[in-house]
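Notes follow the structure.
Coordinate-derived values only; no laboratory data. Just so it is clear, the structure is predicted and the values come from calculations on it, not from any experiment. For neighbour counting, all protein chains shown are included, and Cβ atoms are generated from backbone atoms with ideal geometry for every residue, glycine included.
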Amino acid sequence: MKLIIGNKNYSSWSLRPWMAARASGQSFEEIRIPLFIEGSRERILQHSPSGKVPCLIDHGLAVWDSLAVCEYLAEKSPSLWPADPAARAVARAISAEMHSSFQDLRENMPMNIRKDYAGKGHTPGVDANIARIEAIWNDCRARFGTKANPGGPYLFGAFSIADAMYAPVCFRFKTYGVQPAGAAAEYLAAMLAHPAMKEWEAAARAETESIPAEDLYG
Ligand SMILES: N[C@@H](CCC(=O)N[C@@H](CS)C(=O)NCC(=O)O)C(=O)O
């Protein structure tokens, strides 16, 4: 399989299926296409019919859009979703919510791993998004984190697609100095310490390209 991704510093959508692929143990070749430079669109279109990353290619089959790629990986690795049906339903609900919501957070706190923008980006809409994310994390940890899938510090115990979907938010919270309380804080720390998150972060810090439109606060 080949996973087509964008810049690791900026491409929040790319991080999600990359984390899911890593968690699944399925081997894949990574093709990184730096975004918004001359020729990037043409390079992406060679693989991805939507013209966007991420896109997975498996034996000639293109699967684009982050959540669809995660679902495809789960076809081969069902443990990417929690085993318990109730936990799995909630995991899918919060993954879909992440995929379709939190516009204020996306606009004002874009993923930018290399920067320290502590205290920047807050608006009433952003703060409402953050409160909702904290509530999701606290609720999942309390209801499913220890029961449905014991033995892990993630939203449903063991690492799942839901964690992959929230991975970029964890880097955003780090960059913008957002500090949740209680179980959400422990979850954030566990995510930032995940070996694959560390690997992605180191690669993001080593990148040399910058996208000025994404460097919102200098
Ligand atoms: N809903 C899509 C969003 C994909 C997306 O917006 N990708 C951005 C990078 S993070 C992209 O490819 N931008 C390049 C462009 O629009 O030309 C998904 O979940 O994969």
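Rank-order 83-89, 209-215 by packing density, defined as the average count of other C-beta atoms within 10 Å over each peptide's residues, highest first. Write out the running numbers ahead of the final one.
Working: 83-89: 15.1, 209-215: 12.7.
Ranked by mean Cβ neighbours within 10 Å, highest first: 83-89, 209-215.
Please compute the length gained on full extension between residue 100 and residue 131, using 0.36 nm multiplied by the number of residues separating them and subtracting their Cα-Cα distance. Don't skip to the answer; put the middle values down first.
On the way: separation 31, 0.36 × 31 = 11.16 nm, distance 1.66 nm.
Additional length available on full extension: 9.5 nm.
Tell me, what is the percent relative contact order of the stretch 81-202, built from C-alpha pairs under 8 Å that lie six or more residues apart?
Working: 142 pairs, mean separation 38.1, N = 122.
Reported relative contact order: 31 percent.
Using alpha-carbon pairs under 8 Å, 6+ residues apart, how would you state the relative contact order of the chain in percent?
Details: 340 pairs, mean separation 53.6, N = 218.
Relative contact order, the chain: 25 percent.
For the peptides 137-144, 102-109, 41-48, what is the packing order when you average, over each peptide's residues, the other Cβ atoms within 10 Å and list the highest mean first? Could you put the intermediate results ahead of the total?
Working: 137-144: 19.8, 102-109: 18.2, 41-48: 15.2.
Ranking the peptides 137-144, 102-109, 41-48 by packing returns 137-144, 102-109, 41-48.
Over 14 Å, how big is the tail of the calculated P(r) for the stretch 46-123, in percent of all Cα pairs? Could you put the intermediate results ahead of the total?
On the way: 2192 of 3003 pairs.
Value for the stretch 46-123: 73 percent of Cα pairs lie more than 14 Å apart.
For the stretch 69-204, compute the orientation-averaged projected area of the C-alpha convex hull (one quarter of its surface), in nm².
Working: hull surface 31.5 nm².
That works out to 7.9 nm², a quarter of the Cα hull's surface.
Looking at the stretch 2-77 from every direction and averaging, what is the projected area of its Cα convex hull in nm²?
Working: hull surface 18.1 nm².
That works out to 4.5 nm².
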